[in-house]
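In what follows, a single structure is set out as structure tokens and then discussed.
The values are calculated or read from the model by the stated rules, or taken from the named source; none is laboratory data. All figures in this text were calculated on a predicted structure; none of them were measured in a lab. In this analysis, Cβ positions are derived from the backbone assuming ideal geometry, glycine residues included, and neighbour counts consider all displayed protein chains. Heads up: the accessible areas ignore ligands, DNA and RNA and are worked out on the full protein's heavy atoms, side chains in. Shrake-Rupley method; radii C 1.70, N 1.55, O 1.52, S 1.80 Å.
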Amino acid sequence: GFFIYIILTVAALSWATYETYTQKNYTRTIVSFIVAISLVGVPFLNGNVWIGILVIASMALFLHFQKKKLDLHWLNTIIVMATVILIGYSSYTVIVIRSAANPPMDQNSPDNVFALKYYLNREQYGDRPLFYGAVYNAPVKTKTERNMIMPVEKKGAATYAPKPKTSAEEKDEYIVTGYKTEYEMDERFMMFFPRMYNSAGLNQDHIEAYKSWGNVKGRKINFEYFGQQRSEVCPTFGENLRFFFSYQLNFMYWRYFMWNFSGRQNDIQSHGEIDRGNWITGIRFIDSILTGDQSNYPQELAGNKGHNKYYMLPLLLGILGIFFQLNGGKKGVEGFWITGALFFLTGIAIVIYLNQPPIQPRERDYAYAGSFYAFSIWIGLGVLALIKGLDKYLPRKVSAALATLICLGVPVLMASENWDDHDRSNRYAARDFGANYLKSCEENAIIFSNGDNDTFPLWYNQEVEDNRTDVRVCNLSYLQTDWYIDQMKRGAYKSPALPISWTEKEYISGKNEVVMVEDALKQPLDVQTAYEFMLSTDSRRKIDGNSVIPTKNIYIPVDAQQVIETGTLPESRRNEIASRIDFELKNRLTKSELITIEILKENNWKRPVYFAATVGDPYYLGMKKKGYFELTGMAYRVLPLNTGNENGVNTDKTYDNMINKFGYGNVSDPNVYLDENTLRMCRTHRMMFSNLIEGLIAEGDTARAKKAIDYCLEVLPGTTIRHNYFSIPLGVAYYELGEPENAEKILASIADDCVDYLSWGFGLKPKQQGSIHGELGRRFGIFSEVLRTFDQYKREAILEKYMPVYMDYRQKVQ
């Protein structure tokens, strides 16, 4: 059917192009036009068949009655435009072809039309209202059903997927796997042009940010919510617009615009704080207004390589180009509107369309690059304007040469300012840090990752560098999807498939997305039995037709002999082997969590299993807290240990990996640019060194501990990666090793940075200070921790230096 549709569409477009160009017969022309436009799908863009049929009928009637008035060349232009657009979109065919080849990395697995639609529409990111929708604190409408209060849901479009096959001979078929649903919201909280809207993943931090940016006072609305009387302050339309102008337009567009044409404070991601990511000019008195007093600016901010000053010269040149174009007569004005349309559609129009909520995970300046290119056209015209101005006083050749020399200073200035934070030469952090995760694993291992920084560099190492292709990287975020589980059930590189016994019908999209946990048994249950109960088709084992786990405590039994025979633990550690791995469940389990436990159960210690050290506690399923993790470098190995040690470290393996095997991406070179994310990963490595050193000292192995701390400061020095709170354990370690001078170098540098920042922060105006009150408190807390460490090791002389400063800032913090 798909191929027949393509052939018919190409034939219809060819026919319509010919008929609308030759215009030999009016009836054939309009029929070919309607057939082509209908096959292309334009009348059905809203997804409703009946509306599409109505649009086709209306189009036919309009063309029939406009026979004598209509210029048929317009129809030809429309057909040619549609054809060219489809030719452009045909490049996406490569995605389908690639996906059908089942490569190891195949995000969303778009090998069929429905998966491709999901991929192109970016449906995994959810919907955002553009013209009408609910505000962020809108309550869900409720109804009473079977003596229970239930939320009112609105059934949407069906979702389709290929039907799981039990044999290769079965016919290909698409089936409905579910329906898009959304809750109906209280109409009193609905708004035109909603900018502060209700969305998936909304949390209290987002709500507080909405209130702050919109300065929400609102109007109080009382309502009933699941049988209880409540009230919420609904923002007004004016406050909604205030959020749009202050956050979405000013902070999330014009700030980025000014980065490119005026200057940038630093490369630290901002959420509105005065100390990070703002635009500057380089002109001191203006920057003091924008980003606080410049006379005692903290060195860690002033020394940031992303601190770029253009003195507004590119901006002024662009504004000059705009005036030049507007004063260029009719052609100039027409040119201005063309350039202005490009500027608007690739900038502000995208702001309106994206409708970004606050607390973005990263800066989004890349989304508006097109509008910055458009403004650069005006900068070029600004040079021409200067030449024209000098022409009045100088010969053309002289004026052109002089204007070129004057204006050449602008790109030279920008290049000199930008070079150090755009030069990526000699920086190998992403490659080396990704390899470090893989090097932390034994042969044929499985490693669970979660974020971008602990997944994509690992894939790069395997796909491009051919490093450790025996290790299987399994991303927990993707493990929520059926297409990714399919991929995990296939081998990749030198790694065999992951041990997952679930059948496709048990994890297909829409099935077991979230499973509720009911503590009906009031006793532990082994995972095998719990999963058999959950996956059973017996309706008596369901709640409202949904799968359920009947206990809050499930476990995987451990066979100590199996653990030893597989080499998971040596015979010498038999006494440390637990009888089972326990999981304490929350009120629900996601598909990702269920499959993670399934892999651990089915694996039965045959392959080493690790969690990346940066995954985070919520994904550990309580195993780290119970002592089932042992650090091996940049990963925790899952082991059936009964020690209960939450911070277990395999000092031999971690030492060997971090000292002898790991690479550190040349981050010790002061000429290498380290951005915020790279610095974060550097400090994570430094934390792992701290864990290793603490473990060695606890074992009494001071020789290796000394070598480890010295090596840490060699490859991750404070000169390129400033010491912060996470370096305090290194100072403590030096004290424990009897080297107080080295300890105080680290701790004093942390204290000096805190004093530097507090001195600047408390000198700001109240409104400016308010944006960083949390950071001021955090810096004072770090300062306090450093002084406690000095006091712990009886360093009276250095305490005397810092105590008066500490007492002064303590009063200010209070």
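Before moving on, here are some points about what is shown:
- Across the range 29-34, coupling constants 3J(HN,Hα) worked out from phi with the 6.51/-1.76/1.60 Karplus curve, θ = phi - 60°, read 4, 6, 5, 4, 4, 5 Hz, and Gly and Pro carry x.
- For the chain, relative contact order (Cα pairs under 8 Å, six or more residues apart, normalised by length) works out to 8 percent.
- 16 Å Cα-Cα reach of Lys220 towards lysines, excluding residues that sit fewer than 8 places from it in its own chain: Lys211
- Those residues of the range 582-606 whose amide nitrogen sits under 13 Å from the label point placed on Asn553, 7 Å along Cα→Cβ: 582-585
- Here the simple spin-label model places points 7 Å from the Cα toward Cβ, and for Phe237 and Gln107 these points are separated by 3.9 nm.
- The GluC sites (Glu not before Pro) found in the range 394-479 that occupy coil by DSSP, while having at most 11 further C-beta atoms within 10 Å, are Glu443.
- Helix-derived mean residue ellipticity, 222 nm - over the chain, DSSP H n ≥ 4, -39500 (n - 2.57), to 500: -15000 deg cm²/dmol
- Global dimensions of the range 620-666 from alpha-carbon coordinates: Rg and Dmax equal 12.0, 40 Å.
- Full extension of the chain segment joining Val813 with Arg362 gains 159.4 nm, where the gain is 0.36 nm per residue of separation less the Cα-Cα distance.
- Solvent exposure of the chain as accessible area per residue, Å², 1.4 Å probe: 52
- For the chain, with all protein chains in place and a probe radius of 1.4 Å, 57% of the accessible heavy-atom surface sits on carbon or sulfur.
- Model label sites at Val84 and Ala415, defined 7 Å from Cα along the beta-carbon direction, differ in position by 3.5 nm.
- Altogether, the Stokes-Einstein calculation at 10 °C and 1.306 mPa s, with the Kirkwood radius of the range 686-812 over Cα pairs as Rh, returns a diffusion coefficient of 103 µm²/s.
- Globularity index of the chain, i.e. its alpha-carbon radius of gyration over 2.2 N^0.38 Å: 1.13
- Once the Cα gyration tensor of the range 407-458 is diagonalised, semi-axes √(5λ) in Å: 39, 11, 5
- Range of Cα positions in the range 164-212 per principal axis (Å), largest first: 60, 24, 16
- Remark: the range 78-216 is approximated by an ellipsoid whose semi-axes, taken from the C-alpha gyration tensor as √(5λ), come to 37, 24, 16 Å, largest first.
- Cα centroid separation - the range 256-310 against the range 546-618, whole Å: 49
- Residue-by-residue Karplus 3J(HN,Hα) for the range 181-188, coefficients 6.51, -1.76, 1.60, Hz, glycine and proline x: 10, 9, 6, 8, 9, 4, 4, 5
- Amide H contacts of Ser477: none lie under 5 Å away among residues 5 or more positions distant or on a separate chain (H built 1.01 Å from N in the peptide plane; Pro and chain starts excluded).
- Taking the DSSP beta bridges with both ends in the chain, the antiparallel portion is around 80 percent.
- Note, ³J(HN,Hα) from phi for the range 564-579, Karplus 6.51, -1.76, 1.60, rounded to Hz, x at Gly and Pro: 6, 5, 7, x, 4, 9, x, 4, 5, 10, 4, 5, 8, 6, 6, 7
- Amide hydrogen neighbours beyond the local backbone of Gly306, cut-off 5 Å, H modeled: Asp267
- The average projected area of the range 360-419, computed from the convex hull of its Cα atoms over all directions, is 5.3 nm².
- What separates the Cα centres of the range 430-471 and the range 356-390 is a distance of 38 Å.
- Reference-scaled alpha-carbon Rg (2.2 N^0.38 Å with N residues) for the range 686-761: 1.12
- The listed residues Met81, Met681, Met658 rank as Met81, Met681, Met658 when sorted by accessible area, largest first, using a 1.4 Å probe.
- In this simple spin-label approximation, Glu442 and Phe65 carry label points 7 Å from Cα along the Cα→Cβ vector, and these lie 8.0 nm apart.
- Taking only the Cα atoms of the range 1-85, the radius of gyration and Dmax are 12.7, 39 Å.
- Whole-angstrom gap from the range 146-194 to the range 644-722, using each part's C-alpha centre: 49
- Cα-based reach from Lys707 at 24 Å (exclusive), listing lysines while leaving out same-chain residues under 8 positions away: Lys439, Lys653, Lys661, Lys745
- Contact order, relative form, for the range 229-378: 25 percent (alpha carbon pairs under 8 Å, 6 or more residues apart, mean separation divided by residue count).
- These residues, Ser449, Ser539, go from largest to smallest accessible area, 1.4 Å probe, as Ser539, Ser449.
- Residues whose amide H lies under 5 Å from that of Arg580, counting only those 5 or more places away or on a different chain, are Val558; hydrogens are built 1.01 Å from N in the peptide plane.
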